[in-house]
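So the structure is just underneath, and the comments pick up after that.
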Amino acid sequence: MGELILEVKHLSKSFGSNEVLKDIDFTCSKGDVTSIIGSSGSGKTTLLRCINLLENPSSGQILFHGQDIMEKGFNAPRYRAKVGMVFQSFNLFNNMTVLENCIVGQTTVLKRDKAEAEANALKYLEKVGMIPFMNARPAQISGGQKQRAAIARALVMDPEVMLFDEPTSALDPEMVGEVLEVMRNLASDGMTMLVVTHEMSFAREVSTNVVYMDEGVICEEGPPSQIFGDPKQERTKSFLSKFK
Amino acid sequence: MIITRFVQLWEDILYIFSKYGKVYLNGIFNTLVLSTTATIIGCVIGFICGVIDAVPIRENDPAWKKVLLRIIKVLVRIYVEFFRGTPMILQAVFIFYGLPYFTMNKVQFSNIWTVSVLVVSINTGAYMAESVRGGIFSVDPGQTEGALAIGMTHFQTMIKVVLPQAARNIMPQIGNNFIVNIKDTSVMFIIGFSDFFSVHKMVSGAIFTYFPSATIEMVGYLILTLLFSAILRWAERRMDGSSSYELVRADHHLARSGDYNHTIHYGEHYRNGNGPERKG
């Protein structure tokens, strides 16, 4: 167990009268790869979006290295730069090439100079195998390529944690593998990751910790061997049985 | 019969042009300078207003910021509705005579150019504000989220990601406004601005050649608008960038980035098969 990075305490989120997250508690330490699984509408994505402050939590606390990120006057942009996010729909900047996508955050947010930012971008584009396509615009490449570029764009910021929001759900089946491959490599490099996913084999083989969510609560949580091998809760069993 | 009228018209036009050609050309020049300047300033005004309108008011913001934002947004709204909802010809009169009226003639517009550029600019700005608002709205919210997620502020997101895409989307409207301005600056004759159309009034008043002069004006305006609509289309294609891209070979990129030691190092690291171990 490494150093504690994220602590979520009694987190709730409602959209109007619809309570999407109810009293969520969980923690994330350095080097953890946590997979969040569960059926659609169980609040997995909302949890991730709350952690990145793309949604305002209704109540509860989120601590990043012990600091409450929901405090008034908290510098959200600086925090988000340390927490990488990969979206289901990629969200690459359409007005830039792949390389520019990987440079713009470093120069505008981290104030790195252009040469340093480009060198760093090339390093990570190489890592995700996107060097050949670095001069292409998002509209000109495939979904799998877009997602690998989006991962590189997040990595160039040297994040402490990477959040993945169903990174393979919008991809054609034959492109899922290339993205999961990049994520596996990232995990074995020791990156702290929080992955919302429907890829059970990924959750089972790569993660150190699995969280099963159902109807806005964490139903069960534990190491993958236990969750997949010997689930304690009835709901977890019935959910996992659909994948066999 | 009708043919002879056309011959007559051609001769009249040649006559007018030999006499007043320079005045017409000067009018065209003034029209172009006014409409170009005012369109550019109007676009700047429009972008500023559109961006202000897009600033989110968040729950966590301090109270003074919320109040200030609301007041500014209401002011922008009033500006847009006022200048979009009244005729430009009246606005020109209103401002041109309003200033001396309220200052007991102490302050007047000494230069007709100043007031003309001012009126057409703020008029264009009011229309552009709405176009920019629509343009920002048309950019996928995912683009904003992607930018926020890597730590950009709202302002940085706007400048780097949203506005460039919004600008491309509203290029047709910017073109529209420019074309409209080329034609509609003609109403500035009301405060004595010497544009292309005012030459017609002057010439036909002097030698009573209403129709031949109007023909010159019609053809002149049409040439101007066709010319600029072609230029705008060309600009749009430029903004779209190349429709193809070059694949970059890995060794090429390493040669190119020779200064960056750790990049090369990383590349070698990978090629020697020393990349991260793979689980599973």
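State all residues of the stretch B:144-178 that are open to solvent by 30 Å² or more (accessible area, probe 1.4 Å), part of a helix (DSSP H, G or I) and either in contact with a Cys (Cβ under 9 Å, 6 or more places away or on another chain) or of a type outside the set (A, V, I, L, M) (or both); if no residue qualifies, say none. Those that are open to solvent by 30 Å² or more (accessible area, probe 1.4 Å), part of a helix (DSSP H, G or I) and either in contact with a Cys (Cβ under 9 Å, 6 or more places away or on another chain) or of a type outside the set (A, V, I, L, M) (or both): B:Thr144, B:Glu145, B:His154, B:Phe155, B:Gln156, B:Lys160, B:Pro164, B:Arg168, B:Asn169, B:Pro172, B:Gln173, B:Asn176.
So, in the stretch A:132-155, of the ones that are outside any helix (DSSP H, G or I) and open to solvent by 20 Å² or more (accessible area, probe 1.4 Å), which residue ends up farthest from B:Pro164 (Cα to Cα)? Within the stretch A:132-155, the match that is farthest from B:Pro164 (Cα to Cα) is A:Ser142.
Here is a yes/no grid of residues against (1) under 30 Å from A:Asn75 (Cβ atoms); (2) open to solvent by less than 60 Å² (accessible area, probe 1.4 Å); (3) touching a His at 6+ places or on another chain (Cβ under 6 Å); (4) among the hydrophobic types (A, V, I, L, M, F, W, C):
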position: B:Thr36; (1), (2), (3), (4): no, yes, no, no
position: B:Glu59; (1), (2), (3), (4): yes, no, no, no
position: B:Val74; (1), (2), (3), (4): yes, no, no, yes
position: B:Tyr101; (1), (2), (3), (4): no, no, no, no
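Looking across the stretch A:27-44 at every residue that is more than 12 Å from the chain's Cα centre (by Cα) and among the β-branched types (Val, Ile, Thr), the one that is surrounded by the most Cβ atoms within 10 Å (Cβ to Cβ) is identified as A:Ile37.
Among residues that are more than 8 Å from chain B (Cβ to nearest Cβ), among the small types (Gly, Ala, Ser) and in a loop (DSSP other than H, G, I, E, B), A:Gly129 is included. Being open to solvent by less than 50 Å² (accessible area, probe 1.4 Å), hydrophobic (A, V, I, L, M, F, W, C) and within 13 Å of the chain's Cα centre (by Cα) is a property that does not hold for A:Met175.
One line per residue, one yes/no per condition, for (1) in contact with a strand residue (DSSP E or B) (Cβ under 6 Å, 6 or more places away or on another chain); (2) closer than 20 Å to A:Asp165 by Cα:
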position	(1), (2)
A:Asp68	yes, no
A:Lys72	no, no
A:Leu92	no, yes
A:Glu100	no, no
A:Ile103	no, no
A:Ala121	no, no
A:Asn135	no, no
A:Ala139	no, no
A:Ala150	yes, yes
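The residue that is surrounded by the fewest Cβ atoms within 10 Å (Cβ to Cβ), counting only those in the stretch B:103-134 that are among the hydroxyl-bearing types (Ser, Thr, Tyr) and within 19 Å of B:Ser186 (Cβ to Cβ), is B:Thr114. Taking each residue of the stretch B:64-86 that is touching a residue at least 24 places away in the same chain (Cβ under 8 Å) and looking for partners that are not charged (D, E, K, R) with beta-carbon atoms closer than 6 Å, six or more apart or interchain, yields B:Val76/B:Cys49; B:Val76/B:Ile52; B:Val80/B:Ala126; B:Val80/B:Ala129; B:Phe83/B:Ile122; B:Phe83/B:Asn123; B:Phe83/B:Ala126; B:Arg84/B:Ala126.
Selection of helices (runs of 4 or more DSSP H) fully inside the stretch B:188-278 by the criterion of at least 2 residues being at pLDDT 85 or above and open to solvent by less than 70 Å² (accessible area, probe 1.4 Å) returns B:196-207, B:210-240. For the stretch A:63-78, the criterion of a residue being closer than 23 Å to B:Ile159 by Cα, open to solvent by less than 50 Å² (accessible area, probe 1.4 Å) and not in a loop (DSSP other than H, G, I, E, B) is satisfied by at least one position. Within the stretch B:114-134, being more than 13 Å from the chain's Cα centre (by Cα) and in contact (Cβ under 8 Å) with a residue 60 or more places away in the chain holds for B:Val115, B:Ser116, B:Val117, B:Val119, B:Arg133. Could you list, in sequence order, all residues of the stretch A:97-111 that are buried (at least 19 other Cβ atoms within 10 Å of the Cβ) and assigned to a loop (DSSP other than H, G, I, E, B)? Across the stretch A:97-111, the qualifying residues are A:Thr97, A:Val109.
Residue-by-condition table, conditions (1) crowded, with 16+ Cβ neighbours inside 10 Å; (2) at pLDDT below 90; (3) within 14 Å of another protein chain (Cβ to nearest Cβ):
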{"site": "A:Glu7", "(1), (2), (3)": "yes, no, no"}
{"site": "A:Asp25", "(1), (2), (3)": "no, no, no"}
{"site": "A:Thr46", "(1), (2), (3)": "yes, no, yes"}
{"site": "A:Leu53", "(1), (2), (3)": "yes, no, yes"}
{"site": "A:Lys82", "(1), (2), (3)": "no, no, yes"}
{"site": "A:Asn91", "(1), (2), (3)": "yes, no, yes"}
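Considering the conditions (1) outside any strand (DSSP E or B); (2) buried (at least 17 other Cβ atoms within 10 Å of the Cβ), A:Val211 is excluded by exactly one of them, (1).
Contact map, the stretch B:49-62: residues that are within 13 Å of another protein chain (Cβ to nearest Cβ) paired with residues that are open to solvent by 30 Å² or more (accessible area, probe 1.4 Å) and modelled with pLDDT of 85 or more, Cβ distance under 6 Å, separation 6+ or inter-chain. Pairs shown: B:Ile57/B:Lys66.
The values are calculated or read from the model by the stated rules, or taken from the named source; none is laboratory data. What you see is a predicted model; the values in this text were computed from it and never measured. FYI the Cβ positions are ideal-geometry reconstructions off the backbone, even for glycines, and counts take in every protein chain you see. Only protein heavy atoms, including side chains, enter the accessible area calculation; ligands, DNA and RNA are left aside. Shrake-Rupley method; radii C 1.70, N 1.55, O 1.52, S 1.80 Å.
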